[in-house]
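*Asks:* Here it is, the structure in full.
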Amino acid sequence: MKKIAIEVNGKKVSKEIQDHTTLSGLLRDILNLTGTHIGCDTSQCGACVVHVDGKSIKSCTALAADLDGSKVTTIEGLASNGKLHPMQEAFKKMHGLQCGFCTPGMVMSAVDLLKNKKNPSDQEIRDWLEGNICRCTGYHNIVAAVKEAASKM
Amino acid sequence: MKTFNYHSAKDVKEASKLASSNSAFLAGGMTTIPSMKLGLASYKDIIDIKRIKKLSGIKVSGKTVTIGATTKHSEVASSKDVKKAIPSLAALAEGIGDPQVRNRGTIGGSIANNDPAADYPSACIALNATIHTNNRSIVAEKFFTGMFETCLKSNEVIEAIEFSIPEKSSYQKLPNPASRYAIIGVYVAKHKTGINVGVTGAKSCVYNDKDLAGALTKNFSSSAIDNVKISSSGMNTDIHASSDYRANMVKAFAKKAVDAC
């Protein structure tokens, strides 16, 4: 067992975890933040994308033990005062989701893209979302949603 | 995932001391963690080397670019120094996996794993890299010994990879559309001392294609490659590509690389 102290969505959290606990496991099973989804569990599908110290990563493939002292933002941390984040709004408006399973990862990944590129082209959006898989194949509207968000942010 | 004892090493000495035949060093974990989850690997001890500061960073000095073992792909891809000194190396890093993998995965992890379809091993071959460990310095051609095999000892930690800056170079790959691993990848580099053609993805281990390098030494142009016969013997055959197709692609992408130099 290891003791770690991290910040999740602005709140300080101190927990005792097993050495092999992943960040996705910590978020979902210990902190009950089930917005972060686990699809493939081997870092290919991107449903588990969260931000650690400002950068998007796949939380299924990060050990919680090695994130001691980090700041984590999950999909639950995007909305503020009951108001959806512009990226969430854009996904809603542009029908950027069908079943919704991949959506938390898509949104977290897209938010990271716009941090570095304010007005990405369709191709840049598609390249960036390389590691996020939508099995409903709803990519077209996802790209439209990211463009819509870029125009609002 | 089977459990293990997690250690975060404060320096290379401690990491090396903790290592055994039943341990693995952890940097980005982009291969190690999925491999453990899939039951392809299990270890008693996982020794995290990410927090050892001296293992990370990029240094350009005169004729070489030295990249610390735990430097992430995203750092190499966006480094102004690498882009200026060896643009093909920054481009290679930008083409690995996806943004989240590049935000975690490291150069040292990639070459220590020596996946036959990984990108960085071809750069090590083409750019006459020297791999510096806590014990010794190893030239790339001796470092990669076989499929997922290197000459590293279990307690040996890669500290940095030193690349020679070529006169010109280009890496061209045919990526697997899902994983972005190389179905084949060809890294052509022209140095004052000679030409290397590092090929990845084609065989069980990265190699320097001496026939292609020989033809390019006589005449550095893509037409010089036209008459080089690439044998498919010993090349990989899998659901993505047959050995004959790979042999053909090695030639096509070698030409593409020369044209892009």
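Every number in this text was worked out from the coordinates using simple rules, so none of it is lab data. If you're wondering where the values come from, they're calculated on a predicted model, not measured in any experiment. Methodologically, a virtual Cβ is constructed for each residue, glycine included, from the backbone with ideal geometry; neighbour enumeration extends over all protein chains shown.
*Asks:* From Cα pairs below 8 angstrom and at least 6 apart in sequence, can you work out the relative contact order of chain B, rounded to a whole percent?
*Replies:* 16
*Asks:* In Å, what Rg and Dmax follow from the Cα atoms of region B:24-63?
*Replies:* 14.2, 45
*Asks:* Also: Can you pull the Rg over Rh of chain A, Cα-only, Kirkwood?
*Replies:* Values: Rg = 15.1 Å, Rh = 15.6 Å.
That ratio is 0.97, to two decimals.
*Asks:* Whole Å is fine, so just give me how far the alpha carbon centre of region A:54-111 lies from that of region A:10-42.
*Replies:* 14
*Asks:* Further question on the same structure: Go from 0 up to the bin containing the longest alpha carbon distance in region A:86-152, width 5 Å each, and give me the % of pairs per bin.
*Replies:* So the P(r) values, bin by bin, are 4, 21, 36, 28, 10, 2.
*Asks:* Rounded to the nearest 500 deg cm²/dmol, what is the calculated helix-only ellipticity per residue at 222 nm for chain A, with -39500 (n - 2.57) per DSSP H run of length n ≥ 4?
*Replies:* Rounded to the nearest 500, the figure is -8500 deg cm²/dmol.
*Asks:* Let me check I've understood the local charge: for B:Phe253, count other residues with C-beta under 12 angstrom from its C-beta, Lys and Arg +1, Asp and Glu -1. What total comes out?
*Replies:* Around B:Phe253, the surrounding residues sum to +3.
*Asks:* For chain A, what is the relative contact order in percent, using Cα pairs closer than 8 Å and at least 6 residues apart in sequence?
*Replies:* 24
*Asks:* Please list, in order along region A:144-151, the HN-Hα scalar couplings obtained from phi with the Karplus expression 6.51 cos²θ - 1.76 cosθ + 1.60 (θ = phi - 60°), rounded to whole Hz, x for Gly and Pro.
*Replies:* 4, 5, 5, 5, 4, 4, 4, 6
*Asks:* If each residue's Cβ is checked for other Cβ atoms within 10 Å, how do A:Val72, B:Val186 rank with the fewest at the top?
*Replies:* Fewest-to-most Cβ neighbours within 10 Å comes out as A:Val72, B:Val186.
*Asks:* Over region A:2-77, consider all pairs of different Cα atoms and compute the Kirkwood hydrodynamic radius from their mean reciprocal separation; express it in Å, one decimal.
*Replies:* The answer is 12.0 Å.
*Asks:* Taking the C-alpha atoms of region B:168-260, how large are the radius of gyration and the largest Cα-Cα span, Dmax, in Å?
*Replies:* Using the Cα atoms of region B:168-260, the pair Rg, Dmax is 12.5, 40 Å.
*Asks:* Kindly put A:Met94, A:Met106 in sequence by how many other C-beta atoms sit within 10 Å of each C-beta, fewest to most. Write out the running numbers ahead of the final one.
*Replies:* Numbers: A:Met94 18, A:Met106 28.
Going from least to most buried by this count: A:Met94, A:Met106.
*Asks:* How big is the gap, in Å, between the Cα center of region B:1-64 and the Cα center of region B:243-261?
*Replies:* Measuring centre to centre over Cα atoms gives 35 Å.
*Asks:* Taking the C-alpha atoms of the protein assembly as shown, how large are the radius of gyration and the largest Cα-Cα span, Dmax, in Å?
*Replies:* Cα-based Rg and Dmax for the protein assembly as shown come out at 21.9, 69 Å.
*Asks:* Now a separate question. Please give the net charge around B:Ile86, taking every other residue with its beta carbon less than 14 angstrom from that of B:Ile86, where Lys and Arg add +1 and Asp and Glu add -1. Don't skip to the end; give the middle numbers.
*Replies:* Details: positive: B:Lys59, B:Lys63, B:Lys80, B:Lys83, B:Lys84, B:Lys168, B:Lys190; negative: B:Asp81, B:Glu94, B:Asp119, B:Glu162, B:Glu167.
Local net charge: +2.
*Asks:* Answer with one residue from B:Val199, B:Cys151, B:Ala241: the one whose Cα lies farthest towards the positive end of the charge dipole of chain B, charges on Cβ with Lys, Arg +1 and Asp, Glu -1.
*Replies:* Positive-end residue among those listed: B:Cys151.
*Asks:* To the nearest µm²/s, what D does Stokes-Einstein give for chain B at 25 °C and 0.890 mPa s, using the Kirkwood radius over alpha carbon pairs as Rh?
*Replies:* Values: Rh = 18.5 Å.
Diffusion coefficient, whole number: 132 µm²/s.
*Asks:* What per residue convex hull volume, in Å³, comes out for region B:96-135 when only alpha-carbon positions are used?
*Replies:* 81
*Asks:* Would you mind ranking B:Asp119, A:Asp122 so that the residue whose beta carbon has the fewest other beta carbons within 10 Å leads the list? Mind showing how you got there, number by number?
*Replies:* Details: B:Asp119 27, A:Asp122 12.
With the sparsest Cβ surroundings first, the list reads A:Asp122, B:Asp119.
*Asks:* What aspartates and glutamates sit close enough to B:Lys256 to cross-link, taking a C-alpha to C-alpha distance under 17 Å and skipping anything fewer than 8 places away on the same chain?
*Replies:* B:Asp119, B:Asp209, B:Asp211, B:Asp226
*Asks:* Mean residue ellipticity at 222 nm from the helices of chain B, using -39,500 (n - 2.57) per DSSP H segment of n ≥ 4 over the full residue count, to the nearest 500 deg cm²/dmol? Before the final figure, lay out the partial values.
*Replies:* Values: 11 runs with 82 residues, N = 261.
Helix contribution divided over all residues of chain B: -8000 deg cm²/dmol.
*Asks:* Any idea how far apart B:Lys168 and A:Asn32 come out in nm if each label point goes 7 Å out from Cα toward Cβ?
*Replies:* Each label point is offset 7 Å from its Cα along the Cβ direction, giving 6.4 nm.
*Asks:* Under a Cβ-only charge scheme (Lys and Arg +1, Asp and Glu -1), can you give me the dipole magnitude of chain B about the Cα centre, in debye to the nearest 20?
*Replies:* 480
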